[in-house]
Protein chains: 2
Amino acid sequence: MPSPVLSRRDLDFLLYDWLDIESLTARDRFAEHSRETFDAVLDLSADIATKHFATHNKKGDAQEPRIGEDGRVEIIPEVKDALDLFCKAGLLAGGFDEEHGGMQLPVAVQRASMAWFQAANAGTSAYPFLTAANANLLVTHGSDEQIETFVPPMLEGRFFGTMCLSEPQAGSSLADITTRAVPAADGTYRLTGTKMWISGGDHELTENIVHLVLAKIPGGPDGVKGISLFIVPKFLVEADGTLGERNDVALVGLNHKMGNRGTTNTLLNFGEGVHTPGGEAGAVGYLLGEPHKGLSYMFHMMNEARIGVGFLATSLGYAGYLQSLDYARTRTQGRPLGAKDPASPQVPLVEHADVRRMLLAQKSYVEGALALGLYCSKLVDVQRTAESDDERTRAGLLLDLLTPIAKSWPSQWCLEANSLAIQVLGGYGYTREFDVEQFYRDNRLNPIHEGTHGIQGLDLLGRKVIMQGGAALALLGEAVGETIARATQAGGDAAAYAQQLGAAVARVAETTATLWSTGDPAVALANSSVYLEAVGHVVVAWMWLEQLLAVGDREGDFFDGKRAAARYFFRFELPRTGPQFDLLASLDRTTLDVSPSVL
Amino acid sequence: MPSPVLSRRDLDFLLYDWLDIESLTARDRFAEHSRETFDAVLDLSADIATKHFATHNKKGDAQEPRIGEDGRVEIIPEVKDALDLFCKAGLLAGGFDEEHGGMQLPVAVQRASMAWFQAANAGTSAYPFLTAANANLLVTHGSDEQIETFVPPMLEGRFFGTMCLSEPQAGSSLADITTRAVPAADGTYRLTGTKMWISGGDHELTENIVHLVLAKIPGGPDGVKGISLFIVPKFLVEADGTLGERNDVALVGLNHKMGNRGTTNTLLNFGEGVHTPGGEAGAVGYLLGEPHKGLSYMFHMMNEARIGVGFLATSLGYAGYLQSLDYARTRTQGRPLGAKDPASPQVPLVEHADVRRMLLAQKSYVEGALALGLYCSKLVDVQRTAESDDERTRAGLLLDLLTPIAKSWPSQWCLEANSLAIQVLGGYGYTREFDVEQFYRDNRLNPIHEGTHGIQGLDLLGRKVIMQGGAALALLGEAVGETIARATQAGGDAAAYAQQLGAAVARVAETTATLWSTGDPAVALANSSVYLEAVGHVVVAWMWLEQLLAVGDREGDFFDGKRAAARYFFRFELPRTGPQFDLLASLDRTTLDVSPSVL
C-alpha cells in the first residue's frame, strides 16, 4: 500500500482540538454545518485524492502535456477523469456561497479539503485551485450578469479559469505590462498582447476557459495605477449560456518546467487575429469592476492564492515526509553504533539518530506549516464572519501580515523537507522509481510563482509591518504574547519555550524599529529576505507552542510526536534566527554597497 | 554566446597567486613542468569542455541512456565523440606517472582541468572521472601484470572503469554485501552477486569495461574485514591485449534518476550464467592486492573520489552562478526603490539588492568551495612529494580531516547556489529552456553518492577529529592559527575576520572536547551532521580569509569581488555556526531520545 499523502489525524487535531473550527457553526454563515459535515468533506477528499489523484501523479509528470498535431493540448486522460469526479462531488465549490451553488464551508475546512488533492497531485489539483480563485474574484467584483454567466459553469467544472498577469518582459514588475484593452462600440473591450506563465492557459479539460487578464486601457495612468482587469473567455458565451464564437486567444507554446509538469503552463497571445469575433481586431474582453483598479482586485485574489501556494508547498512536504517515514521504518541498513557483531541483522533506518533528525526536521516543517496555513485560513473565516467590526478588522490585519510568511515559509522549508526525504531514501530517493524526487521538483516552483521569495520579503518589511503605524505587527505581538502567557502558566517545556519565543518576538519588534530608524528604505530593505526568513521562523515557533498547548497532558504516540517536533523546532530551528537578527540590527550594507561589476 | 562554465581568472588566482602551484615544479616529480605546461592543460581543458561537452549537456539530459532492442545501452553519439577527444588529448591520464603514459601533473592542476568538464557536463565527465579513479587504484595496488593489462587501455580511453560497491540491500552498510568470490583452479576467482548504483556499468563507449568489485571470499571474516577487491572485466583480455570471451557480467537494468542522467547508472548481475567463460559458473575475477583488504583499498580510492564529488558539486554551482550572473546583468525588471516614475525604463536585475544578495551568496559558496577543493588537492601533492617525512605526514593528516568537508560542504552549499541561480532567473530558471534547473537536479546527487552527508558527519566526528589523539584537529588549528596571525598583522577587514575566525575555531575545539567528554559515542554522534556543517562553515571561512590575504591590496574588479564575497561570508554565513555550536555543546538528546513510534 502506498504511503498516505496527508494525515487525517493531524488535520483533526489542528482543526478541532486546536482551532475549534466546530465553534464556527454557531455563526449564521456556517449554521447548516456541523462536525459531521466537515468530516464528510474531509473523508470524501481523502478518498478521491488517494484513489484518483495520487494514482496518476507519476504518469502526469512523465507524460507532460504537449501540443498535438491539431494544435490542441493533449493531457493524459486520467486528469480529466479525476477532475470530473472532483467537480461532481462539489468540491470545487466548497467554499462558495450556497446562492452560487457552493457548500459555504469555512475556509479552514475548504483548505484542508484542498490540501489532500495538492498532496496527492500538484499538477492536476492546480486546475480547480486556479478556477476557484478566479471564480472567487468574479463573485467579489463582477456584475450580476458576469457572475451569472461565468461562475456557475466554473463551480460545476464545465469552465476552468486562469489568471493572466505576467508578460515576457513583466514578471515581478507588473507595472510594465503592455497588453492593451481598447473600448469597443458595444461597451466591451478588445485586448491585444502576450501573457506568459499562464497555468491552465489552454487544454481540452473543459468546454471553456475563463481568463482574467490584466491590461491597460489607453489614456490611463502609467504604471500600476493604469491597470484594469478583464474577463476574456476562450469561447464567447451567448445569453442563453451556450458557447458562441471562438475568441481571439491563441496558444503560442507550452513552457517545459523542471516539475509541476502536470499543469499546462502557457504563453498566450490575445488579439493576434487568428480568430476575430464580430470581425473586430482583438480578443473580446469584459471589464471587471472599475477601470484602473485591476491590480487591487487581483491582489485580493493573489493574497488568497499566496496562502494556497503555502498549502501546496506544505502538502508536498507532508507527502514526502510520510513517504520517507514509511521507508525509514521498513528499509534496514546498518547497525546501531557500537554493535560489534557484523553478523547481527541490519536495523531499520529509523534506528539511526541522523535519520531521526531528518524525519523530525521534516515533521517540524510540515506540521508547523500546516498549522500556520490553517491558522491563516481561520483568520479569513473570522474576518468574514466575526460579530464585531473590531474582531473582523483585527483578523484581517493579522492575516495581511502573515500572508507573505504563509506563502514563503512553507515554500522554503517544505522544499527542504522534500530534500531531506530524498536523503532518507538515499540513492533510491534520487530515482524516478520513487515519488520524493518529484515532490522536490514540484515544490521548487513555490518560491517563484505568485510573488517570488524576494517580493514576499519586500511585502512584509516594506509594507505589512509598517502599515497603519505598525498596527499589524503590534497585533502579532499581542497574539503571540497571549500564547506565551498561557504557556508560562502551563509550566514545563512550554514555559521554557515561551521564554525563548518571547525573546525572539522582542527581537522582531526591535529589529523592525532599527531597520526603519534610518529613514532610508534602501537600507531598511537591503536584507528583507533575511528579515522574512527570521520572522517566519519566529511565527512557526509560535505555531509549535500553540500546538504544544493544545496537546496539553494527553498521552499517546500522536501527542508525544507533537512534543518531539516542538522540542526539535525550539532547539534546532528557532536559534537560527539569532544571527539573522544580529545581521539585520547591524544595518549591514554588504548587498547595497557591492558593485555589480565586481560580481 | 553562452555563459562560461568556470572562471579561468579565478583558477589562475587560486592556483598561482594563492597556492603557488608553480613552486611544485622545483620538485623532481614535476620537474618537467612549468607554468606554461599547466596553462596549456587548462586552456585545452576549457576549450574542449566548452566546445564539446557543454554543447550536449542538455541533450544528454533530455535523451537519457536507454536499453535498445538488442540489449545494448544506447547513448547519444555526442558523448562518445567528446570522450574520444578528451582521451586523445591525454587528459584522462593527466595525473598519472609518465611510465604509465600520464602527464605527471600535480593533482591540483589535474583537478582544475577536470573541473572544466564537470562544470560543462556532469553526465559525460563522470565516465573518465571514474576511469581515472579506477586506474589509480590499479596502479597503487595491482600486480605488474594487472597494471600492464588494464591501465594503458584505460588511460588511452579504450577501456573505461567502474566501482562496484553497493548492492540492493547494502548501500551505506558495506559490511552487508553478499557478492561471493570463490577461488577457481587457475588462481582466479568466480564472482556471483548483484551490484546496484553502478555508474558507467554498461555502455558501448569503449571496447571494454573494467569493473572493480567488492566481494567476500567464503570462509573469510564477517563484516568489513572479510571484503576483498576484484578486477572483473566485461570482456576477458588475452595475453596479447586483445579481447577474449565475454565475461559473465549482465546488465539487469538502468536506474532512472532525477538528474545526472547522462551517466548510465546500472544494476549488474555477476555470474548469473548468461555467459560462462571457461565453462565455470561465475564471472571471472582477479584478486587485487591481498584477500580481505578490499575495503581499505577502496577507501583509498574513495577518499579521492570524495574530493572529486566536492569538485563536481562546486563546478555545477560555479556554472549556475555564472549563468545567473549573466542573466541578472542583461534581464531588466522593475525599478530601484523609490523610483517614482513608472514610465522610466526598467533596470537590470542586478540593480536590486536582493538579487545581489543571491549572487554574492553563490559567489561565496562556489569560490569558497573551489578554494577548498584546490587546497585539498595541493595537500595530495604535498603528501606525495614533500621532502620531509614530517611534512608529508602532516599534509596527509590534514587531508584526511578535510576530506569529509571537501565532499559534503560543496554538495550542500553549491546545491544551494544552484537553487539561488534558479531564483535569480525566476520562472525562466524553473524551465528546461535554461540550464540552471538541470544543474540543480544534477547537483542533488552529490550529498548522496560516495558516502551520504550523514556518513561524512560520522567520519568527521567519529573518526577524523579523534584519530591519533586528535592530531589532525590540532593540525587544523595550527594551520588556521597561522592564517589568523598573518591576517591580524595585515589589519583592516582581514584582522576583523581573523578575530571572528579565531573564536569559531576555538569553538570547534571546545565543542569537539565536550561532545566526546561523555564517553558515550551515541551522545557524541547524535548530531554529527550538525557538527559536519558547522565545522564546514568554519573551514570555508578560513578559505575566504586565505583568499583575502592573497588579494592583498591589489586593485580592480576581480579583487574587489573577492573582498565582497569574503565580507558576505563573514557577515552572513559564519555566524550561522553560533547556534550550531550551542546545540552541540548542550549535548542535545532530541534525536537520540525520540521514539520511532511517535514520528
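Of all aspartates and glutamates in the structure, those lying under 15 Å Cα to Cα from A:Lys293, and not within fewer than 8 positions of it along the same chain, are A:Asp222. For the residue pairs A:Lys225/B:Lys562; A:Lys58/B:Lys464; B:Lys59/B:Lys88; A:Lys59/A:Lys216, the alpha carbons lie more than 32 Å apart in A:Lys225/B:Lys562; A:Lys58/B:Lys464; A:Lys59/A:Lys216. A cut-off of 5 Å between modelled amide H atoms, ignoring neighbours fewer than 5 places along the same chain, links B:Thr266 with B:Trp197, B:Ile198, B:Ser199, B:Gly200, B:Gly201, B:Asn255.
With the highest mean first, a sort of the peptides A:311-322, A:165-176, A:586-597, A:23-34 on other beta-carbon atoms found within 10 angstrom per residue produces A:311-322, A:165-176, A:586-597, A:23-34. Which angle from 0 to 90°, rounded to the nearest 10, does the C-alpha axis of helix B:528-551 make with the longest principal axis of chain B? Orientation of helix B:528-551: about 60 degrees from the principal axis. With Cα atoms as the point set, the radius of gyration and Dmax of the range B:110-158 evaluate to 12.1, 36 Å. Given a Förster radius of 22 Å and the C-beta distance between B:Ser595 and A:Asp341 as r, what FRET efficiency does 1/(1 + (r/R0)^6) yield to the nearest 0.05? E(calc), rounded to 0.05, equals 0.35. Around the Cα centre of the protein assembly as shown, unit charges on the Cβ atoms of Lys, Arg, Asp and Glu (plus for the first two, minus for the last two) sum to a dipole of about 1120 debye. Among the protein heavy atoms, those of B:Glu99 account for about 150 Å² of accessible surface (1.4 Å probe, every chain in place). Over all other residues within a Cβ to Cβ distance under 13 Å of B:Gln468, the charged ones net out to +2, with Lys and Arg as +1 and Asp and Glu as -1. Counting only other chain Cβ atoms within 10 Å of each residue's Cβ, the peptide A:44-55 averages 0. Note on B:220-226: average number of Cβ atoms from other chains within 10 Å of each residue's Cβ is 2.
Computed over protein heavy atoms with a 1.4 Å probe, the accessible surface of the range B:466-588 works out to 36 Å² per residue. Think of chain A as having a plus end and a minus end, set by charges on the Cβ of Lys, Arg, Asp and Glu; of A:Thr590, A:Trp413, A:Gly187, A:Thr590 sits farthest toward the positive end of this dipole. For the pair B:Ala509 and B:Arg9 in one chain, pulling the backbone fully straight at 0.36 nm per residue adds 176.4 nm over the alpha carbon distance.
Report the normalised scattering of the range B:292-411 as log10 I(q)/I(0) at q = 0.10, 0.16 Å⁻¹, calculated by the Debye formula with identical scatterers on the alpha carbons. Listed by q, the Debye log ratios stand at -0.48, -0.81. Remark: mean inter-chain Cβ contacts per residue of A:249-258 equal 3, using a 10 Å Cβ-Cβ cutoff to other protein chain atoms.
Building the convex hull from the alpha-carbon atoms of chain A and averaging its projection over directions returns 30.2 nm².
In summary, the aspartates and glutamates within cross-link reach of B:Lys80, defined as a Cα separation below 18 angstrom excluding same-chain residues under 8 places away, comprise B:Asp47, B:Asp61, B:Glu64, B:Glu156, B:Asp202, B:Glu204, B:Glu207. Residues of the range B:576-599 whose accessible area, computed with a 1.4 Å probe over protein heavy atoms, drops by at least 30 Å² once all protein chains are present relative to their chain alone are B:Pro579, B:Leu583, B:Asp588, B:Thr590, B:Thr591, B:Val594, B:Pro596, B:Ser597, B:Val598, B:Leu599.
For the protein assembly as shown, would you read off the P(r) tail past 63 Å as a percentage of all alpha carbon pairs? Summing the P(r) tail past 63 Å for the protein assembly as shown gives 10 percent. Binning the C-alpha pair distances of the range A:469-590 at 5 Å intervals from 0 yields a P(r) profile of 2, 11, 21, 20, 17, 12, 8, 5, 2, 1, 0 %, listed from the shortest bin outward.
Computed with a 1.4 angstrom probe on protein heavy atoms, the A-B interface buries about 7700 square angstrom of accessible area in total. Derived from the Cα gyration tensor, the three semi-axes of the equivalent ellipsoid of the range B:189-267 are 23, 21, 9 Å, largest first. When a 1.4 Å probe is rolled over the protein heavy atoms, the share of accessible surface on the protein assembly as shown that falls to carbon and sulfur comes to 52 percent. The GluC sites (Glu not before Pro) of the range A:524-560 meeting both criteria, a DSSP state outside H, G, I, E and B (loop) and at most 14 other C-beta atoms within 10 angstrom of the site's C-beta, are A:Glu555. Placing pseudo-labels 7 Å out from each Cα toward the beta carbon at B:Ala474 and B:Arg384 gives an inter-label distance of 2.9 nm. Per residue, the accessible area of the range A:71-148 comes to 33 Å², computed with a 1.4 Å probe over protein heavy atoms only.
The values are calculated or read from the model by the stated rules, or taken from the named source; none is laboratory data. None of these values were measured; they are calculated from a predicted model. Neighbour counts are summed over all protein chains in view; Cβ atoms, including those assigned to glycine, are modelled from backbone coordinates with ideal geometry. Accessible surface is based on the protein model in full, side chains and every heavy atom, while ligands, DNA and RNA are left aside. Shrake-Rupley method; radii C 1.70, N 1.55, O 1.52, S 1.80 Å.
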